[in-house]
1. Checking the structure you have, find out if any residue of the stretch 209-217 is out of contact with any Cys (no Cβ under 7 Å at 6 or more places or on another chain), among the polar types (S, T, N, Q) and assigned to a loop (DSSP other than H, G, I, E, B).
2. Six or more apart or on different chains, Cβ under 9 Å: which pairs go from a residue in the stretch 223-234 that's farther than 17 Å from residue 98 by Cβ to one that's among the acidic types (Asp, Glu) and surrounded by 16 or more Cβ atoms within 10 Å (Cβ to Cβ)? Could you list them?
3. Residue pairs, Cβ under 8 Å, 6 or more apart or interchain, first in the stretch 37-57 and without any contact (Cβ under 8 Å) to a residue 60 or more places away in the chain, second of a type in the set (D, E, K, R) and surrounded by 15 or more Cβ atoms within 10 Å (Cβ to Cβ). List them.
4. Filter the stretch 160-197 down to the residues that are under 13 Å from the mean Cα position of the chain (by Cα) and at positive phi and list them by number.
5. Considering only the stretch 9-66, how many residues are assigned to a helix (DSSP H, G or I), more than 15 Å from the chain's Cα centre (by Cα) and over 23 Å from residue 222 (Cβ atoms)?
6. Checking residue 241 against (1) among the acidic types (Asp, Glu); (2) more than 28 Å from residue 102 (Cβ to Cβ); (3) not in a loop (DSSP other than H, G, I, E, B): exactly one of these is not met. Which one?
7. It is to be established whether one or more residues within the stretch 195-212 are touching a Ser or Thr at 6+ places or on another chain (Cβ under 6 Å), at pLDDT below 95 and crowded, with 19+ Cβ neighbours inside 10 Å.
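The values are calculated or read from the model by the stated rules, or taken from the named source; none is laboratory data. Please read these numbers as outputs of a predicted model, since none were measured by experiment. Glycine also receives a Cβ, built like all others from the backbone with ideal geometry; neighbour counts cover every protein chain displayed.
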Amino acid sequence: MRIAVLADVHGNLPALEAVLAHLEQQGGCEEIWVLGDLAAFGPYPQEALERLAALPKALFVQGNTDRYLVTGLRPPQLAVENEAQYKRLPGFLEERDANFRWTIEHLSYKWYTFLRELPFQQRMEISGYGSVLAVHASPLGDEVGIWKDTGDDELSEMLEGIGARLLVCGHTHHQLGRWLDDRVWVVNGGSVGLPLDGDQRAAYVILDFEAGDCWASFHRVEYDVGEVIARLKQAGHPAIDWVETRLHLAASP
């Protein structure tokens with residue numbers, strides 16, 4: 001069985017299309033798991049949702065930004081540490097709130113309800129392999145990410161009692177394959193629409209289950225980043241500076 005895992009599309013339709021085309025070049029898959037943060041920040045929130053929902057045999061979980069959109073909650077605000085940061089705080093709050101308002105304005109009620117009804121997690125039984133748990137960030141919550149430098153003790157607490165052989169997740173926008181004491185394998189395919197690891201190419205992972213085992217192949221895919229930035233500007237997106245800075249974290253290799 002072959003499964004593609006996509007996460008953190010963030011309304012970036014060109015990146016999503018590039019990933020789906022690349023997946024077909026790899027021979028396709030039997031299922032696609034989409035691990036949340038589907039619409040906010042990018043210039044094509046509804047178009048990205050339409051494309052994802054049209055995929056055959058797709059499985060979804062809700063991400064933290066999806067939850068922000070449908071509940072009105074916003075990302076936690078960290079306390080500022082000096083006067084200079086405090087002076088920038090009103091602008092940060094204005095941009096943060098305007099970004100989610102803009103996304104809601106560009107989603108029909110149908111897609112609002114689609115995001116609202118997404119589950120926090122999905123559990124699958126893979127024949128011959130065992131249980132797989134899919135979440136956005138971690139079993140502890142959609143804002144609690146698993147990182148390369150997450151301590152073994154902390155990771156053990158995060159995965160305590162999940163009853164799964166494999167955990168697939170997103171949220172950090174960094175690719176990761178990590179074992180916990182040979183008991184649980186954690187796989188993060190990175191971000192399709194907004195990588196934050198110094199490589200602006202879209203990221204995803206393919207899982208191949210065979211003979212009671214699983215192999216992960218991590219992929220990076222070129223797409224037209226300039227088109228996305230141009231569309232953000234054309235649409236008057238309120239978070240253009242924030243998004244553009246992150247899309248330009250590094251030149252594509």
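1. The answer is no, given that none of the residues of the stretch 209-217 is out of contact with any Cys (no Cβ under 7 Å at 6 or more places or on another chain), among the polar types (S, T, N, Q) and assigned to a loop (DSSP other than H, G, I, E, B).
2. Partner pairs satisfying both residue conditions: 223/17.
3. 51/17; 57/31
4. 171, 173, 190, listed by residue number.
5. Result for the stretch 9-66: 3.
6. So the condition that residue 241 fails would be (2).
7. Yes, some residue in the stretch 195-212 is touching a Ser or Thr at 6+ places or on another chain (Cβ under 6 Å), at pLDDT below 95 and crowded, with 19+ Cβ neighbours inside 10 Å.
Yes or no, residue by residue, for (1) within 15 Å of residue 115 (Cβ to Cβ); (2) exposed (fewer than 15 other Cβ atoms within 10 Å of the Cβ); (3) at pLDDT below 95; (4) touching a strand residue (DSSP E or B) at 6+ places or on another chain (Cβ under 7 Å):
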position	(1), (2), (3), (4)
18	no, no, no, yes
26	no, yes, no, yes
42	yes, no, no, no
52	yes, no, no, yes
56	no, yes, yes, no
